[in-house]
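*Asks:* Please read through the structure below; I'll follow up with questions.
The values are calculated or read from the model by the stated rules, or taken from the named source; none is laboratory data. This structure is a prediction, so every number in the text was calculated from the model and none was measured. Cβ atoms come from the backbone with ideal geometry, glycine included; neighbour counts cover every protein chain shown. Heads up: the accessible areas ignore ligands, DNA and RNA and are worked out on the full protein's heavy atoms, side chains in. Shrake-Rupley method; radii C 1.70, N 1.55, O 1.52, S 1.80 Å.
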Amino acid sequence: MNEPAGWHTHTVRPRGRPREFDIDTALDRAIRVFRERGYNATSIGDLISAMGLASGSIYKAFKDKRAVFLAAFERYMSLRNEQLRQVADTAKCGRERLIDVLAFHVESSRGIEGRRGCLVVGSAVELAIVDREVAARVSGSLARNQAFLADLIRQGQTDRSIPGHVDPEAAARVMVYLTQGMRVVGKAGWPPPDASTVVATAMKLVA
């Protein structure tokens, strides 16, 4: 049988239907809704509206609202961790980098950003007690935050900007309590003290 002209130039159509929307953009919009309203108060209709998608598109990409939330949580953590890495990625000594990171946490708890709240803190308060998977992700996030701060303290000890007698893990754990507590206060609309005051107080842990 003769093949039609141009047969060999045809491109084979890839299997599966291409995604009709940018997943990261959609999740960024979902993050904002979950941060502002919390999980239980957010309906699938809220997500459809915020993400700018038809219900069919959402259900093709996600099983249900919980699946959207888990994907949004991972996206939020990825973005947040990258922001923290950028703040700390300087040529400063360990002590100064730690100060910069603490100041970043303070600013995140102020103004509009503070009122939107932290997805990790909100998840811990609302879901961790009833959802083991969310609890594990919240716990993992807090542990990574502590490890990040402890590493900065160790770097400061290496360059001698932080005293060697300081226990990095213990100091970092208290700093996590402080920074996460500020997110709760910020969500409530009660402005935290001036950033320099908070940072100076926190830095007494590594004096």
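*Asks:* Only residues that are of a type in the set (Ser, Thr, Tyr) and part of a helix (DSSP H, G or I): list them for the range 101-124, please. Quick ask: steps written out before the conclusion?
*Replies:* We begin by selecting, within the range 101-124, every residue of a type in the set (Ser, Thr, Tyr); these are 108-109, 123.
Residues satisfying the conditions are 108, 123.
*Asks:* Looking at the range 144-163, which of its residues are in a helix (DSSP H, G or I) and open to solvent by less than 60 Å² (accessible area, probe 1.4 Å)?
*Replies:* Correct list: 145, 146, 147, 148, 149, 150, 152, 153, 155, 156, 157.
*Asks:* When you look at residue 144, is it closer than 27 Å to residue 67 by Cα and modelled with pLDDT of 95 or more, yes or no?
*Replies:* Working: closer than 27 Å to residue 67 by Cα: yes; modelled with pLDDT of 95 or more: yes.
Yes: the conditions hold for residue 144.
*Asks:* I'm told residue 84 meets every condition in (1) over 11 Å from residue 27 (Cβ atoms); (2) over 12 Å from the mean Cα position of the chain (by Cα) except one. Can you identify the failing condition by its number?
*Replies:* The number of the failed condition is (2).
*Asks:* Checking the conditions here, which among 126, 133, 74 is under 13 Å from the mean Cα position of the chain (by Cα), modelled with pLDDT of 90 or more and farther than 30 Å from residue 203 by Cβ?
*Replies:* From the options 126, 133, 74, the qualifying one is 74.
*Asks:* Tell me which of these residue 86 doesn't satisfy, since it passes every other one: (1) part of a helix (DSSP H, G or I); (2) at pLDDT below 95.
*Replies:* (2)
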